[in-house]
Structure formats: structure tokens, C-alpha cells
């Protein structure tokens, strides 16, 4: 909707000309705005600033399967980029940060349990079985979270439940 400003001949001055010019520039930049100037809805597309960082962070997380040091780098980048881009990208960043910290907490708990099982004198078969199952499930969990995130990112959709423990899927699938 085109906004028009009208002035009475005695009201026109330099400040009103600048306001008129700003409104015209805003209309050219955001043609789908309401008369109050607020956008109707947030646009989700591939040209959204900050989207590339989210892609790189998902790649760093998947790469951490082979080179563990890439996950903390991805988490650091996610922490630094949060709040600087579009709201729908912030859901991805929050999801990525949560993926890292939940994985770290689970790894610490598993390491503690593994250590306690050794102190209790349980059979080494128990420790190896536990370690194999934990790390297999951990890798499946992380790859699943990254796959859901990449799928939603390439579909230009936010993560429905970025604070979830599993895969971030809320009411909408």
C-alpha cells in the first residue's frame, strides 16, 4: 500500500520533505507493509542474512563425528551469531547450541557412569557394551538433529521447538 503524505502549503518545510522521502524509501524497500509500517510477516528465504553461518555450523557438527574439535567451534560460532539475524534463523542457532550442550552433558554423565562401573569392579564387557551403545545412540541423536535442522533450513522454515531434547519437531511436522 502506498503511503501518501499531504501538506498544506504553509506546513511544507525541509523536515517534512525528509519525512516524505523516508516514507517513499521505506515503501520501495518494504512494499508489503501495513500502513503502520510493520511487516505483515517475516520472510523466510535463502537470501536471509546469517543463513550461511547456520549451514556452516550444521556442517561443523556433522564433521565432529570424524574430528571432534569442530563441534565446540560450531557452538562458539552459534553463540556469537545468536540474535544477529532473522528470528527464524535464531531458532536454528538455539537448536544448535542446545545440541552441543545436551551432547556435552550426556557425554559427561556417560563418562562418569563408565568410571563408576570400573570402580565397582564390573566386568569390562559391561563397560565396552555400555560405551558402544552410548556412543552409537549419541551419534544417531546428533545426526538426526542435524538432519532435521538442515531439512528445515533448506525448506526455509524455523525449528518448531528449539528447546526440545529430541529433534525439535513441535506441533507441525
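Within the range 111-120, not a single residue is at positive phi and touching a helix residue (DSSP H, G or I) at 6+ places or on another chain (Cβ under 6 Å). Out of all the residues in the range 118-133, is one or more under 16 Å from residue 61 (Cβ atoms), over 15 Å from the mean Cα position of the chain (by Cα), at pLDDT 90 or above and exposed (fewer than 15 other Cβ atoms within 10 Å of the Cβ)? Within the range 118-133, not a single residue is under 16 Å from residue 61 (Cβ atoms), over 15 Å from the mean Cα position of the chain (by Cα), at pLDDT 90 or above and exposed (fewer than 15 other Cβ atoms within 10 Å of the Cβ). Scanning the range 60-103 for residues that are exposed (fewer than 14 other Cβ atoms within 10 Å of the Cβ), free of Cβ contacts under 8 Å to residues at least 12 places away in the same chain and either in contact with a helix residue (DSSP H, G or I) (Cβ under 6 Å, 6 or more places away or on another chain) or in a helix (DSSP H, G or I) (or both) gives a single hit, 80.
The values are calculated or read from the model by the stated rules, or taken from the named source; none is laboratory data. Everything numeric in this text was worked out from a predicted model, so none of it was measured. No Cβ is skipped: glycine too gets one built from the backbone with ideal geometry, and neighbour counts run over all protein chains shown.
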